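Accompanying notes for the structure given below.
The values are calculated or read from the model by the stated rules, or taken from the named source; none is laboratory data. Just so it is clear, the model here is predicted, and its values are computed rather than measured. Glycine gets a Cβ as well: all are built from the backbone with ideal geometry, and neighbour counts include every protein chain shown.
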Amino acid sequence: MVALVCLVLLFAFIGPFGTYDSLGLGGRIGYWALAMGGNWLVCGGMMMLALVTVGGVAIRRRVLVAAVTAPVAAAPGTGVVYGAEALFRPGYTEPIGVPTIYLSVAVLMLVIGLSVVAVIEARRRMAAAGADIGFAPAGEGDSAPRSGPAPGARFLDRLPEKLGRDLVYLKTADHYVEAVTTAGSTLVLMRFVDAVAELDGTDGLRVHRSYWVARRHVASAARRHGRTVLRLTGGHEVPVSRTYMAAVRAAGLV
């Protein structure tokens, strides 16, 4: 809602698409409140549906979804603009024609779509930051019962202090587990299945019989040589096996 109000005020101030010359400030505010508000509902709903359907966490993928969805959402959005034009600028639509209005609405839809993407990304980053510093869920305070150590603490305590606790991924290495953090890597003598068990409750998942990844470090997914790989923080790549593909899709990583 804050983003919508900001966009309405911005468009009312700069007066794009001829509104600056044809309407006063009050008229521009009313015009863009109707045009933006109606299209926010239309485009916002379609954008959210497209983003949820396509999935993925990479910001570039979300921007691409917004760019593709914008011209589709512009069709019903053109009807909303016609309503605003009929109310605030009667007769203005006749000389410019439907194609011009459609192109203008497509641009408007792209702006709204990118705003939706920005809001989603901001919320994701806030959630990740909250998880990093151990924020309690809403409704829980210092008096909430503590059932034990933080998720993943058992395994993270095995890592050298110099590597920190920002885990990116795990990989099997013979009788060892290779643990990669944002500060480096080390080998831990234990079974891979036990390491994954000790990370139960953290925001990560097994994507291959030999790999476990932290979800927040997944930047994007790609197909290479007929197989799916996840690109991680720091330029790392890990494969996704068919066995774990359903879980990876459910997590929105591909």
Exercise for review: Looking at (1) more than 20 Å from Thr243 (Cα to Cα); (2) in a strand (DSSP E or B), find the lone condition where Thr202 falls short.
Suggested key: (2)
Practice item. Considering only the stretch 168-192, state which residues are surrounded by 15 or more Cβ atoms within 10 Å (Cβ to Cβ), charged (D, E, K, R) and without any contact (Cβ under 8 Å) to a residue 24 or more places away in the chain. Key: Glu178
Review point. For the stretch 198-206, does any single residue satisfy the condition of being of a type in the set (Val, Ile, Thr), touching a residue at least 40 places away in the same chain (Cβ under 8 Å) and surrounded by 14 or more Cβ atoms within 10 Å (Cβ to Cβ)?
Key: yes
Exercise for review: Could you figure out which of (1) farther than 18 Å from Ala153 by Cβ; (2) surrounded by fewer than 19 Cβ atoms within 10 Å (Cβ to Cβ); (3) hydrophobic (A, V, I, L, M, F, W, C) isn't true of Val254?
Suggested key: (2)
Point to revise | Selection within the stretch 218-248 - part of a helix (DSSP H, G or I), on the phi < 0 side of the Ramachandran plot and modelled with pLDDT of 90 or more | key: Arg242, Thr243, Tyr244, Met245, Ala246, Ala247, Val248
Practice item. Determine, yes or no, whether Pro90 is at pLDDT 75 or above, exposed (fewer than 14 other Cβ atoms within 10 Å of the Cβ) and not assigned by TED's automatic domain parsing to the domain that holds Asp203. Key: yes
